[in-house]
Amino acid sequence: VQLQASGGGLVQPGGSLRLSCVVSGSISSINQMGWHRQAPGKQRELVSFITNTGSTYYTPSVKGRFTISRDNAKNTVYLQMNSLKPEDTAVYYCNARRFSATINDYWGQGTQVTVSS
């Protein structure tokens, strides 16, 4: 499984960005797709995920501002980020998770999101 993330950049507070993650390889075995982020000096944290059944999760700090979605025809997962705040500044990583006898995680390269005036 390979993941290619894109869409980061510099945006002013209150602005919007949309991150994309294209998935290739053995995608039929993937159960869940998500986004994590890591700010300087902090641990990587889960931001949001979407399951194969369409269930979604958001960490409380982004709920109501971020929306995760998927386009199965394009093998792509999106993270629409609105009302961005400086504390959203981080490197964002796309993640694919497979549940089997163990949990297998696959990661894309990070994309930098900077929220600053």
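The values are calculated or read from the model by the stated rules, or taken from the named source; none is laboratory data. None of the values given here were measured: they were computed from a predicted structure. Here the Cβ is made from the backbone with ideal geometry for all residues, glycine too, and neighbour counts use every protein chain on show. Quick note on the areas: whole protein, heavy atoms, side chains included, nothing else; ligands and nucleic acids left out. Shrake-Rupley method; radii C 1.70, N 1.55, O 1.52, S 1.80 Å.
Any idea which residue in the range 95-115 is nearest to Asn82 (Cα to Cα), counting only those that are in contact with a Leu (Cβ under 9 Å, 6 or more places away or on another chain) and open to solvent by 60 Å² or more (accessible area, probe 1.4 Å)? Ranking the qualifying residues of the range 95-115, first place goes to Gln112.
Among the residues of the range 1-40, those identified as among the polar types (S, T, N, Q), in a strand (DSSP E or B) and open to solvent by 30 Å² or more (accessible area, probe 1.4 Å) are Gln2, Gln4, Ser6, Ser24, Gln38.
Annotation note: of Gly54, Gly34, the sole residue that is under 10 Å from the mean Cα position of the chain (by Cα), farther than 16 Å from Gln112 by Cβ and of a type outside the set (A, V, I, L, M) is Gly34. Out of the range 41-63, which residues are open to solvent by 80 Å² or more (accessible area, probe 1.4 Å) and more than 15 Å from Val91 (Cα to Cα)? Correct list: Asn52, Thr53, Tyr57, Pro60, Lys63. Restricting the search to strands (runs of 3 or more DSSP E) fully inside the range 61-117 and requiring at least 2 residues that are under 19 Å from Ile50 (Cα atoms), in contact (Cβ under 8 Å) with a residue 40 or more places away in the chain and among the basic types (Lys, Arg) gives 90-99. Could you tell me whether Lys74 is more than 25 Å from Ser117 (Cα to Cα) and open to solvent by 70 Å² or more (accessible area, probe 1.4 Å)? Yes.
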